[in-house]
Protein chains: 2
Amino acid sequence: MPSRLQDEIKQSRPFERPGDEALLSILRTASVLEYSLNELLRPFGLTMTQYNVLRILQGAGSAGLCGREIGERLVSRVPDVSRLLDRMTELALVSKKRDAADQRHVTSRITAKGRRLLAKATPALEEAEGGRMDRLSDRSVKALIEALELIREAS
Amino acid sequence: MPSRLQDEIKQSRPFERPGDEALLSILRTASVLEYSLNELLRPFGLTMTQYNVLRILQGAGSAGLCGREIGERLVSRVPDVSRLLDRMTELALVSKKRDAADQRHVTSRITAKGRRLLAKATPALEEAEGGRMDRLSDRSVKALIEALELIREAS
DNA sequence: TTGAGATTCATGTTATAACAGGTATATTTC
DNA sequence: GAAATATACCTGTTATAACATGAATCTCAA
């Protein structure tokens, strides 16, 4: 019996090692998730990365964060945080201000408009996420998280 | 105790719902994997997507595949297979030929150079993949694959 | 306090992703 | 068999990713 993934990517031969299938499975699932999350956010004019930045800055509160710190907190590596924040500043979702104490730093903060947009987009996202994860038992979710940690650590 | 992922993305508050962490975990792991696989392939002058195309065409044999079929078999959705194949043709890894029977189709086939490159790159990739997945038990791998299938299906 | 190195950000450039629209060929329908 | 529709691909354009480099500022040691 061909595996589900084998069908999805129309692969004729079965996977040689189960690890191969698991690895492709992770990449495939992330791709599917990213696509669907981006589609969800599109009506709000946000990409997943932008949404992620808004959440990070919301969490940071009035202190804000500098670009490097935002980059460290992003789920996916973004090699050009500077211009990402520029674009979001252009959209008035974020404000940038050079730090007085250390003038190398530019502190970014979420604006009121950014907070409003985040508040509008979040419920839609949470509902969709819930719908995806509800079918897994608590134990499965825990096992999934642990397995992924092991895979990330092995670097 | 903060979770591993919480540390990685320096998130101060714990995840509200375990599903949230699982979802971010998938995206994070895929990002880490993609980065490391692309680094592995860099010495060969290949990206993951290009490597993926070579494998697909190798599997298709001398019959080759048209662009749409290649797109369907790719792990991650690529919205511009046409130019992806153009670039690979430019590199002489792939040949393109308009199909005589149905002139809308352009059949792509892997070239000898493509096969040689694939043969060189694959062992490095397989070793790295093995290293990552060896720490998981067979049962964990199976559970991981099943959990990810459930998540993908819930769309 | 000054010079070396580190840190943070900006900028230039190229390649690729993403989106929209157009063209040629097949297929279906009437 | 002609028109309408569908399919597969290409092309143009814009936005973003990716990479490399440079400029400004800070830190720390001598």
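FYI, it's all coordinate maths here, none of it is from the lab. Note that the structure is predicted; figures quoted are calculated from it, not measured. Cβ placement follows ideal geometry from the backbone for every residue including glycine, while neighbour counts extend to all protein chains displayed.
Counting Lys and Arg as +1 and Asp and Glu as -1, each charge on the Cβ, what is the dipole of segment A:44-137 about the Cα centre in debye, to the nearest 20?
Working: 17 positive and 11 negative charges, 50 e Å.
Dipole magnitude for segment A:44-137 comes out near 240 debye.
Taking 0.36 nm per residue of separation and subtracting the Cα-Cα distance, what length does fully extending B:Arg98 through B:Arg116 add? Kindly include the intermediate steps, with their values, before the conclusion.
Details: separation 18, 0.36 × 18 = 6.48 nm, distance 2.42 nm.
Fully extending the segment from B:Arg98 to B:Arg116 adds 4.1 nm.
Relative to the longest principal axis of chain A, what angle (0 to 90°, nearest 10) does the C-alpha long axis of helix A:81-90 take?
60
Let me check I've understood the local charge: for A:Asp7, count other residues with C-beta under 14 angstrom from its C-beta, Lys and Arg +1, Asp and Glu -1. What total comes out?
+1
Would you mind listing how long segment A:1-80 runs along its three principal axes, going by Cα atoms, in whole Å with the largest first?
Result, largest extent first: 56, 28, 20 Å.
With no solvent and one equal point scatterer placed on each C-alpha of segment B:7-155, evaluate the Debye formula and give log10 I(q)/I(0) for q = 0.09, 0.13, 0.16 Å⁻¹, two decimals.
Relative scattering, expressed as log10 I(q)/I(0), comes to -0.39, -0.75, -1.00.
So how far, in whole Å, is the C-alpha centre of segment A:68-86 from the one of segment A:88-155?
Answer, in whole Å: 12.
Relative contact order (percent) for segment A:15-136, with alpha-carbon contacts under 8 angstrom and 6 or more residues of separation?
Values: 104 pairs, mean separation 29.0, N = 122.
Computed over segment A:15-136, the figure is 24 percent.
Can you list, shortest first and in nm, the gaps between the label point of B:Phe44 and those of its counterparts in the other copies, using a point 7 Å from Cα in the C-beta direction?
Values, ascending and in nm: 4.0.
Please report the orientation-averaged projected area of segment A:71-155, defined via the convex hull of its C-alpha atoms, in nm².
8.4
Would you please name the trypsin sites (Lys or Arg not before Pro) within segment B:90-138 that are DSSP coil residues with at most 13 other C-beta atoms within 10 Å of their C-beta?
On the way: sites: B:Lys96, B:Lys97, B:Arg98, B:Arg104, B:Arg109, B:Lys113, B:Arg115, B:Arg116, B:Lys120, B:Arg132, B:Arg135; in loops: B:Arg104, B:Arg135.
Counting only loop positions with at most 13 other Cβ atoms within 10 Å, the trypsin sites (Lys or Arg not before Pro) in segment B:90-138 are B:Arg104, B:Arg135.
At 7 angstrom along the Cα-to-beta-carbon line, where would the label on B:Ala119 sit relative to the other copies? Give the distances in nm, shortest first.
6.4
Using the crude model of +1 on Lys and Arg Cβ and -1 on Asp and Glu Cβ, and no other charge, please compute the dipole size for the protein assembly as shown relative to its Cα centre, in debye to 20.
Details: 52 positive and 44 negative charges, 193 e Å.
Computed about the Cα centre, the dipole is about 920 debye.
Evaluate the charge dipole of segment A:1-107 about its Cα centre and quote only its size in Debye, nearest 20, assuming +1 on the Cβ of each Lys and Arg and -1 on the Cβ of each Asp and Glu.
Numbers: 16 positive and 14 negative charges, 46 e Å.
Dipole magnitude for segment A:1-107 comes out near 220 debye.
Grab the residue from chain B whose Cβ hugs the B-to-A rotation axis most tightly, plus its distance in whole angstrom.
Per the B/A rotation axis, the closest residue of B reads B:Ala30, 2.
Using only Cα atoms, tell me the angle between helix B:112-133 and the longest principal axis of chain B; keep it within 0 to 90° and round to the nearest 10.
10
Report P(r) for the protein assembly as shown: all Cα-Cα distances, bin width 20 Å, range 0 to the bin holding the largest distance, values in whole percent.
29, 54, 17, 0
Per residue of segment B:59-73, in order, report the coupling 6.51 cos²θ - 1.76 cosθ + 1.60 (Karplus, θ = phi - 60°) as ³J(HN,Hα) in whole Hz, putting x for Gly and Pro.
Coupling constants for segment B:59-73: x, 6, x, 6, 5, x, 8, 7, x, 4, 5, 4, x, 5, 8 Hz.
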